[in-house]
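One structure below.
The values are calculated or read from the model by the stated rules, or taken from the named source; none is laboratory data. In this text the structure is predicted, and so the values were computed from the model without any measurement. Here the Cβ positions follow ideal geometry from the backbone for every residue, glycine too, while neighbour counts run over all protein chains shown.
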Amino acid sequence: MQHFSSLLKGPKTLSEALEKALSEHKPTQYQVGRAVENNILLDDKTVGRYHGRLTQLTPTSFLLEDLDSKHGTWVNGTRVARKIVTPDDRIRFAETEYSLTGLLTLAQPQRQTKQNPLDFTAEFSTLKIVYEQYPVLRKNCQNRDKLIRTASVVLSSIVGVSAILTSGPVGLPLLQVLSGAGLGVLIPALSSTLLSTDEKIELLDKEYRSQYRCPNPDCQDPFGNREWAQLARQKTCPRCKAVWVN
C-alpha cells in the first residue's frame, strides 16, 4: 500500500463530488438549557433557558458556544464564549457540571460494552492511517483545495473512485464514508468557515491526541509522536496488556 502523502492526486470529478457534499453538509447541533425545546435539557434554575450550543465537528470533538448566558459556561474551570471540547474536558453550565461524554448521554443512547476487553487488533490497525494523515492535514488545513484533494485520496483508498462516482449521493454518502476514515472525519470542519485557522489547528491537534492512543477505553495511554510501526512491533500495550497485533 502506498504511503498516504504520496497519493495526493485525486481525480477532478471526485473532487467536484466532494465539493458539492461539503457545501451541503450541515453539522449536528445540540442546544443546551432549561427550556424543553433543547436537545439536552438541564434541570437547574441557574442554567439559562437557552444556555449553550454544541456543534459536532467529529465523533469526539465539539465546538461549545455560550449563548450569552447570565451565569456563564466553563471548560476545565475557565469561563469561555466558545471552545473546542473533547471527552477529556469538564463542562459547567452555571452550577451544573458534566464531562462531555456524560453530557452527551443525556441526548444519545449509551454505547454497548465490548465483549472481549483485551482484543483491540481491529481498532489498533486503523491508527496507522491516523498517524499518516496527521502531518498531511496539518500542512494543508489552511488550503481548502488541498483538503478536497486529500479527502479524494481518503475516499478512493476506502471504496474506490468508480464506486463513489456511480453510486451517487444517496447510494454512498461521501461524508459518511469520511467519518470512518481516521482523521478524514475532520475534513468537513477544516473546510468550513465555522472555525478560525487557529481553531482548525487546535481541533486537528486535539483529535489526533484523542485518536492516537491505546484503543482500550480503560487505558487510553497516549502514543504521542511514536511511530505506528514501532508500536505494532510491541504487539501489546505495556500498561493494560491490550492486544494490538496478533
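Points to keep in mind about this one:
- Of the candidates 94, 107, the single residue that is among the hydrophobic types (A, V, I, L, M, F, W, C) and at positive phi is 94.
- Among the candidates 103, 118, residue that is modelled with pLDDT of 70 or more and over 24 Å from residue 63 (Cα atoms): 118
- Whenever a residue of segment 57-79 is among the charged types (D, E, K, R), its partners that are modelled with pLDDT of 95 or more and in a loop (DSSP other than H, G, I, E, B), lying with C-beta atoms within less than 6 angstrom and at least six residues away or across chains, give the pairs 66/81; 79/72.
- Residue in segment 135-148 that is of a type outside the set (Lys, Arg), modelled with pLDDT of 90 or more and over 18 Å from the mean Cα position of the chain (by Cα) present: no
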